[in-house]
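Read the structure below first, then the notes.
What follows draws every value from the coordinates through simple rules; no lab data is involved. As the structure is a computational prediction, the values presented were derived from the model and not from experiment. Cβ coordinates were reconstructed from backbone atoms using ideal geometry, including for glycine residues, and neighbour counts include every protein chain displayed.
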Amino acid sequence: MTNLIYSWFQMSGWKVLLILLAWLLSNYAVHQFGQRFIALVMTKERAILRQRHQSFNIHDQQRIATISSVASRVLRAGVMVIFGSMILTEIGIPVGPIFAGAGVIGITLGFGAQSIIKDLLSGLFIVLENQYARGDRIKLGDVIGVVEDVSLRTTVLRSDDRVLHFIPNGTITVISNFSKDV
């Protein structure tokens, strides 16, 4: 048994360990530097607007924080898929059929999980259209409070009575933003 483990480690084990190390380093780099890079790009964009005599306010900083957080999560998920497939390939599991099966399952789930897709698309437009960001005081339906987090799927809102509300983005029909200047 020990010989079997030793021979596997000589053939593939060290490669799996290297892939895991690269995965951890990539995940750390995306987490540490991805948000900063996106924030830097958006800050430069805002600096150009400032040169054109447009203001750079706290809402712009909140928007930068929100978009960089969402983009970082998406990048980290991509890194996970890439390195996960590399590890599966290295240990002898073919990933082609897995991805093909995932595509079929994705289409099936797409029909069955329309609310999740609706949440994701709504969340994408909330972030891209800058409807609200972390730290904004907003009203969603009957709930008024401060946005604690925005993801593509949900908005986390802390109401005035300190209750934390998790609101699926697909259910939001009217947004009232008290923090945003027009």
Taking amide H positions as placed in the peptide plane 1.01 Å from N, state which residues far from T155 in sequence (5 or more) or on other chains have amide H under 5 Å from it. I167, N169
Per 10 Å bin from zero, what fraction in whole % of the C-alpha pairs of the stretch 95-174 is there, up to the bin with the longest pair? 19, 40, 22, 14, 5, 0
Inter-label distance, nm, simple model (7 Å from Cα along the C-beta direction), A77/L18: 3.0
S176 versus I107, label points 7 Å from Cα toward the beta carbon: distance in nm? 4.5
Let me know the shape class of the stretch 57-122, please: from the alpha-carbon gyration tensor, a ≥ b ≥ c as square roots of the eigenvalues, rounded when a/c is under 1.5, otherwise prolate if a/b is greater than b/c, or oblate. oblate
